[in-house]
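The values are calculated or read from the model by the stated rules, or taken from the named source; none is laboratory data. Nothing here was measured: the structure is a model prediction, and the numbers come from that model. Accessible surface is based on the protein model in full, side chains and every heavy atom, while ligands, DNA and RNA are left aside. Shrake-Rupley method; radii C 1.70, N 1.55, O 1.52, S 1.80 Å.
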Amino acid sequence: MRRSYNALIIILAAISIILSMLDINGIISIVQKPYIYVDASIWLVFVFDYFYGLMAAKDKRFYFRTHIWDLLAIIPLNALFSFFRFNRIFKLVSMQRILLVFRFARLAGIIGKLQLKLKTFLKTNNIVYLFYVCGLMLLVSSFIYSLSEHVSLGNAFWWALATVSTVGYGDISPHTFMGRFAAALLMILGVGFIGMLTSTLTKFFTEEHKKSEFAQIMHALHKLERQNEELSTRISALEQQLHKNEREKNKD
């Protein structure tokens with residue numbers, strides 16, 4: 001049940017951000033039907049999620065401190081800006097972009113909910129160190145490519161991402177020795193990263209499945225223990241009643 005609920009929250013946050021990005025690009029208008037109803041419904045779900053968690057939390061101060069992103073995600077900026085007429089102050093800043101930043105807070109809040117799972121995943125096969133190595137290699141290769149091929153750092157980083165992911169669009173290709181050397185390193189790293197990631201995902205979900213089965217077995221065992229305790233209590237009560245009845249018969 002908890003997994004399904006978290007999956008629902010993630011999907012709703014992704015839909016909210018997609019709607020905001022489409023609105024910024026002028027593809028849709030989020031203040032018109034039916035998008036305004038969809039956005040309002042998602043907002044209500046996040047409001048319920050935050051305040052339900054706050055009411056259920058034993059330490060409400062701790063909950064408040066650790067769920068700042070969730071709180072930011074439910075601030076009704078549209079209503080506040082309209083009520084206080086802040087939109088006049090922020091004429092130079094796109095209101096849609098401000099709203100998009102706050103909607104991204106929903107994803108940050110979701111990361112907080114899945115923090116334990118993320119830590120477990122990063123510890124599986126010590127893949128966290130592979131992420132560090134890949135990030136460092138991306139930056140180093142981008143700098144090497146930018147200097148050797150005389151392209152902008154942005155284009156070099158785009159090329160590095162396309163190469164390490166083994167996509168390789170071919171829109172940018174190396175012509176110098178150092179550029180091709182960086183490309184070879186990234187291609188080898190990309191193949192190794194994908195293989196390691198696949199192995200880690202398989203191991204992670206296998207262990208999670210085992211944990212789930214173990215939790216079910218332990219729950220069943222605890223249930224049996226409670227039933228045995230109840231039966232023992234009833235048997236003891238019956239034995240006491242029998243002894244009492246025997247004593248009464250002996251007296252008669």
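Quick rundown of the values:
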item	result
Cut-off under 5 Å, modelled amide H: who pairs with Ile28 long-range	Asp23
Residue-wise HN-Hα coupling along region 52-57, computed from phi with Karplus coefficients 6.51, -1.76, 1.60 (Hz; x: Gly, Pro)	5, x, 5, 5, 7, 6
Accessible-area composition of region 213-252, carbon plus sulfur, in percent [1.4 Å probe]	54 percent
Karplus-derived 3J(HN,Hα), 6.51/-1.76/1.60, for each residue of region 195-206, Hz, glycine and proline x	x, 5, 5, 4, 4, 5, 4, 4, 5, 4, 5, 5
Accessible-area order (highest first, 1.4 angstrom probe) of the listed residues Leu186, Leu122	Leu122, Leu186
For region 173-188, Karplus couplings with θ = phi - 60° (6.51, -1.76, 1.60), whole Hz, Gly/Pro x	9, x, 10, 9, 4, 5, x, 5, 5, 4, 5, 4, 4, 5, 5, 5
Qualifying aspartates and glutamates (Cα of each under 18 Å from Cα of Lys249; at least 8 residues distant if same chain)	Glu239
Surface per residue (accessible, 1.4 Å probe) for region 131-209, Å²	61 Å²
Over 32 Å between alpha carbons, listed pairs Lys60/Lys203; Lys58/Lys119; Lys117/Lys223; Lys58/Lys223	Lys60/Lys203
